[in-house]
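The values are calculated or read from the model by the stated rules, or taken from the named source; none is laboratory data. Values in this document were obtained by computation on a predicted structure and should not be read as measured data. Positions of Cβ are generated from backbone atoms using ideal geometry, with glycine treated the same way; all protein chains shown enter the neighbour counts.
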Amino acid sequence: MLLLALALLAAGPEAQLFEDDVTLPRDYTWTELLNQLRDNPLDLNRATATELLQLPWLTPAMVREVVARRSQKGRFRNLDHLIGIGTIDSSIVEAIRPYLRVVARRSETRTGEMARIASDDLARFHGLLNCALAERVRADFPELNLSLVSAKDVGERNPFDLLSGGAEYHRARTRVLAGDYELQFGQGLVLSRPSSFWLSSSTLRLPSPTGISLPGTFAENTFLRGLVWNQGIGPISATIFVSRTRLDAVPNPDSSIHSISYDGVHDDSAANANQARLLELLGGARVAWRKQGFTAGLSGYANRYDLTIRADSLGFQGRGLALVASDIGWVQQNYSLTAEVAHTLYHGWAGGFDLFGDWQQLKTHVNLGYFARDFYSPRSRTRSLSRTHGNLDGTFRMSYHWQDWTGVFYGTTSRDFVLDSMPARIQLNVENRQSRFKYSLQWQQSFKDELLRSMGTRLDITWLPMRSFNLGFRLDDRFQLGDPGQRGLALSLGLGIDQPNYNLDARVTRFMVAASECRIYAYEPGFPGNNRSFTGPGWRSYAAATVRPFDWLALNAKFGVTLDSATTCDAGLSLSFLY
């Protein structure tokens, strides 16, 4: 109860999403993640602990046991060798089998590519301007990794709104990355690699105190571009990095910078995308010591901009800054703790704390963070130039599994110490899985302020008459407390077919939403980040299919129609291969 009280005084990074997303899409992003992993299975002998934790059947304790077994006794020869490691049994192995593979030869090259083309409105389709394009290519060799990521949003006039590429050489305990790369230390207050947009930040997963990797997502302007060297000597590791990056930014009339566009696909279309107005020069280092589950690190960097930042706030102003932070991490069998204290020299400071508890049936996660009014870290998990006051954020999440039942309680809020406002979300999810039926009920209450409060419920019933075929029913109901006329309803029916060589998902939805504050959100499979919101009355139908004619090839296609005040068609096509 003490952890719950602390968490509901504060909230995590998703508190920033309250203005746009206060309904119930959170736990439905797993479907898309698993679809991606089914097309591009993880190599059990190469996957990192963070990658293995993407599988919801594996707990952090299980993953730690698997990684320890791999490092002590060498490579796995087949997936069945996982049985008996920690609490992993045959049922868990069968559940994760479609998403893992075992590569027999160490020298085998693994390449995964995803290319997609999509249009939100086929009626206005002309050329590539109204299409979204994205590609991701990765090649892994024994001592060399290559990565290329590109993306263009609908409406962008440039061929690439984002183009990122990098190479990594690793041998023994030496790693050198050139080109674009991502760094994360501690709680990510100073440096934080971007999260893939199809994976919810509220997911229960073991945080990693240190991350050095090539780009793997379509997030924009979050990559460092230059060189990073990492060297391990005994329990000590050292990292040195330099970067020269052009950033998209919104200018003031006097040519100073008002704000920086950091991540996500630009919604300003051609106005600011790919303009690269701001030049950032950055250099920094980190030293860390790790032994027997305990990690302590000291990191920092200094940067310089070629234009002055002058936002309409009391926060950061100027052309450059220096940041320093210390972090600790402690991992035991059932607990994980990370904490970080960061300081922007001559400005403000921030602190973060993360506690994860993992037992066989119960998992808890508490995250707290404090940010002073004038703390600004452009490469961190919080990049606000407009913070005019200090605030405390936090998240609490707990899940319990018992036989066929799963319960999840989730709470998040943000405490503003000047305006004393507390936007908050409380969510409860109860799910029952049986051989033929699956029931899921979600309840959520959201508070933007004292007057604007909303409540939502979602009921899902899935029937599996056959192992590879399912029928689904969903009812969404969201309304504004104190004003029953402000209401959103959605009723949908769907079917799914899951065969070894192909998948099909189709759904028809009738929505009636009286106000934009009560919009209904719905996840649609087919492409990463494919969430939709419904307002007004209308119908929505779609069909998405994946065909895998060979083990190394997957074709994805989707077509949808929305009937509301007008008729809108959308479609997409993607190609993935792996060898």
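If a residue has to be among the hydrophobic types (A, V, I, L, M, F, W, C) and under 23 Å from Trp405 (Cβ atoms) to count, how many in segment 441-500 make the cut? Lay out the reasoning, then the answer.
The first filter runs over segment 441-500 and keeps only residues among the hydrophobic types (A, V, I, L, M, F, W, C), leaving 441, 443, 447, 451-452, 455, 459, 461, 463-464, 466, 469, 471, 473, 475, 479, 481, 489-491, 493, 495, 497.
Now drop any that are not under 23 Å from Trp405 (Cβ atoms), which leaves 441, 443, 459, 461, 463-464, 471, 473, 475.
Number satisfying all stated conditions: 9.
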Looking at Leu491, Leu553, can you tell me which residue is modelled with pLDDT of 85 or more and either of a type in the set (S, T, N, Q) or touching a strand residue (DSSP E or B) at 6+ places or on another chain (Cβ under 9 Å) (or both)?
Leu491
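Quick one: count up the residues across segment 52-86 that are of a type in the set (S, T, N, Q) and either more than 22 Å from Tyr335 (Cα to Cα) or outside any loop (DSSP other than H, G, I, E, B) (or both). Reasoning before the result, please.
Keep residues of segment 52-86 that are of a type in the set (S, T, N, Q), which gives 54, 59, 71-72, 78.
If we keep only those that are either more than 22 Å from Tyr335 (Cα to Cα) or outside any loop (DSSP other than H, G, I, E, B) (or both) as well, we get 71-72, 78.
Qualifying residue count for the region: 3.
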Given (1) modelled with pLDDT under 65; (2) surrounded by fewer than 17 Cβ atoms within 10 Å (Cβ to Cβ); (3) touching a strand residue (DSSP E or B) at 6+ places or on another chain (Cβ under 8 Å); (4) of a type outside the set (A, V, I, L, M), index of the condition Asp120 fails
(2)
Please work out which residue is surrounded by the most Cβ atoms within 10 Å (Cβ to Cβ), limiting yourself to segment 338-372 and to residues that are under 21 Å from Val66 (Cβ atoms) and not polar (S, T, N, Q).
His365
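Can you find even one residue in segment 498-505 that is over 19 Å from Asn429 (Cβ atoms), surrounded by 14 or more Cβ atoms within 10 Å (Cβ to Cβ) and out of contact with any strand residue (DSSP E or B) (no Cβ under 6 Å at 6 or more places or on another chain)? Let's see the steps before the verdict.
The initial filter retains those residues of segment 498-505 that are over 19 Å from Asn429 (Cβ atoms), namely 498-505.
Cutting the leftovers down to surrounded by 14 or more Cβ atoms within 10 Å (Cβ to Cβ) gives us 498, 502-505.
Applying the additional criterion that residues be out of contact with any strand residue (DSSP E or B) (no Cβ under 6 Å at 6 or more places or on another chain) yields 498.
Yes: segment 498-505 contains one or more residues that are over 19 Å from Asn429 (Cβ atoms), surrounded by 14 or more Cβ atoms within 10 Å (Cβ to Cβ) and out of contact with any strand residue (DSSP E or B) (no Cβ under 6 Å at 6 or more places or on another chain).
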Test: residue in segment 91-99 that is in contact (Cβ under 8 Å) with a residue 24 or more places away in the chain, exposed (fewer than 13 other Cβ atoms within 10 Å of the Cβ) and under 19 Å from Pro41 (Cα atoms):
no
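Taking segment 229-261, which residues are of a type in the set (A, V, I, L, M) and under 25 Å from Leu278 (Cβ atoms)? Spell out the reasoning first.
Our first condition is that a residue be of a type in the set (A, V, I, L, M); within segment 229-261, this holds for 233, 236, 238, 240, 242, 247, 249-250, 257, 260.
Residues satisfying the conditions are Ile240, Val242, Leu247, Ala249, Val250, Ile257, Ile260.
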Is there any pair linking a residue in segment 515-526 that is touching a residue at least 12 places away in the same chain (Cβ under 8 Å) and more than 17 Å from Phe559 (Cβ to Cβ) to one that is among the basic types (Lys, Arg) and buried (at least 20 other Cβ atoms within 10 Å of the Cβ), with Cβ under 8 Å and at least six apart or on different chains, and which?
Cys518/Arg478; Arg519/Arg478; Ile520/Arg478
Of the residues that sit in segment 409-448 and are over 23 Å from Asn367 (Cβ atoms) and not in a strand (DSSP E or B), which one is modelled with the highest pLDDT?
Arg436
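Would you confirm, using the coordinates I've provided, whether Tyr542 is free of Cβ contacts under 8 Å to residues at least 60 places away in the same chain and crowded, with 19+ Cβ neighbours inside 10 Å? Full working, then the answer.
On the way: free of Cβ contacts under 8 Å to residues at least 60 places away in the same chain: yes; crowded, with 19+ Cβ neighbours inside 10 Å: yes.
Yes.
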Name the strands (runs of 3 or more DSSP E) wholly within segment 172-287 that hold at least 1 residues that are buried (at least 17 other Cβ atoms within 10 Å of the Cβ), charged (D, E, K, R) and modelled with pLDDT of 85 or more?
174-185, 224-233
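Give the residues of segment 386-412 that are among the hydroxyl-bearing types (Ser, Thr, Tyr) and over 19 Å from the mean Cα position of the chain (by Cα), sorted by residue number. Don't jump to the end; show me each part of the working.
Going through segment 386-412, the residues among the hydroxyl-bearing types (Ser, Thr, Tyr) turn out to be 386, 388, 395, 399-400, 406, 410, 412.
Within segment 386-412, Ser386, Thr388, Ser399, Tyr400, Thr406 qualify.
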Considering (1) surrounded by 14 or more Cβ atoms within 10 Å (Cβ to Cβ); (2) of a type in the set (A, V, I, L, M, F, W, C); (3) within 29 Å of the chain's Cα centre (by Cα), say which one Leu481 fails and leave the rest.
(3)
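Show me the strands (runs of 3 or more DSSP E) found entirely inside segment 496-549 where at least 2 residues are modelled with pLDDT of 90 or more.
Details: elements: 502-513, 520-523, 531-534.
Because the criterion is at least 2 residues that are modelled with pLDDT of 90 or more, the strands (runs of 3 or more DSSP E) in segment 496-549 that meet it are 502-513.
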Which number in (1) closer than 16 Å to Arg383 by Cα; (2) modelled with pLDDT of 90 or more marks the one condition that Ala311 misses?
(2)
Any chance segment 136-146 includes a residue that's more than 30 Å from Gln231 (Cβ to Cβ), modelled with pLDDT of 60 or more and not acidic (Asp, Glu)?
no
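Pull up segment 288-318, narrow it to residues that are of a type in the set (S, T, N, Q), in contact (Cβ under 8 Å) with a residue 40 or more places away in the chain and farther than 13 Å from Ser237 by Cα, then point me to the one that is surrounded by the fewest Cβ atoms within 10 Å (Cβ to Cβ).
Going residue by residue through segment 288-318, those that are of a type in the set (S, T, N, Q) are 292, 295, 299, 303, 308, 313, 317.
In the following step, the residues that additionally are in contact (Cβ under 8 Å) with a residue 40 or more places away in the chain were identified as 295, 299, 303, 308, 313.
Pick out the ones that are also farther than 13 Å from Ser237 by Cα and you get 303, 308, 313.
Working: Asn303: 19, Thr308: 14, Ser313: 18.
Here the residue is Thr308.
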Could you tell me whether Leu392 is aliphatic (A, V, I, L, M), closer than 30 Å to Thr344 by Cα and either surrounded by fewer than 17 Cβ atoms within 10 Å (Cβ to Cβ) or modelled with pLDDT under 85 (or both)?
yes
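Could you say whether any residue in segment 475-487 is in a strand (DSSP E or B), within 27 Å of Phe437 (Cα to Cα) and either touching a residue at least 40 places away in the same chain (Cβ under 8 Å) or among the small types (Gly, Ala, Ser) (or both)?
yes
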